[in-house]
1. Students often get this wrong, so check it: of LYS62/LYS88; LYS67/LYS92; LYS68/LYS91, which have C-alpha atoms separated by over 19 Å?
2. Between HIS69 and LYS110, what length comes free when the chain is fully extended (0.36 nm per residue of separation minus the Cα-Cα distance, one decimal in nm)?
3. So between GLN101 and ALA34, what do we pick up on full extension, going 0.36 nm a residue minus the alpha carbon distance?
4. Principal axis extents for the range 29-94, Cα atoms only, whole Å, descending order, please.
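FYI, it's all coordinate maths here, none of it is from the lab. Everything quoted here is computed from the prediction, not taken from an experiment.
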Amino acid sequence: MKKSISILLSVIICCTYFNAHSQIKQDSVFKQSALRFQQKLNLTDSVTNQIIVFRNQFILQKNDLNKKHLSLADRKNELTQIQAAYRKNIKKVLTNDQWQQYKQMELQVKNHLKQQMQNKKIKTIYLDDSID
């Protein structure tokens, strides 16, 4: 009994540690990307801080969405609404030129992620083919 309780406590402590560490890493990565935005778009500190607040709100809403038991279609619809609100907030604080540059940067990131997914699919197919 004591052994199972100590194992359970160890698992809980490890999960808590890794979850906190993951959140810290995610925050750090986002702050780095916010600084890149600030440099590339020539943003003021105030605008950069507003974007950080918008991003944090977006992440909280997305995490809340993940806790809900929704159908795939409903989840997609809500996520689309959350993303649209996020982009609308960002557009409000950027100039037209900054917004156009932001959209280009967003498109580059999207294409990069698509390429990474495609590369993983190719590797998975390759690994599956090599098993035979």
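1. Numbers: LYS62/LYS88 16 Å; LYS67/LYS92 29 Å; LYS68/LYS91 28 Å.
Violating the 19 Å limit, Cα to Cα: LYS67/LYS92; LYS68/LYS91.
2. Values: separation 41, 0.36 × 41 = 14.76 nm, distance 2.71 nm.
The span from HIS69 to LYS110 would gain 12.0 nm if fully extended.
3. So the extension gain works out to 22.7 nm.
4. 41, 22, 15
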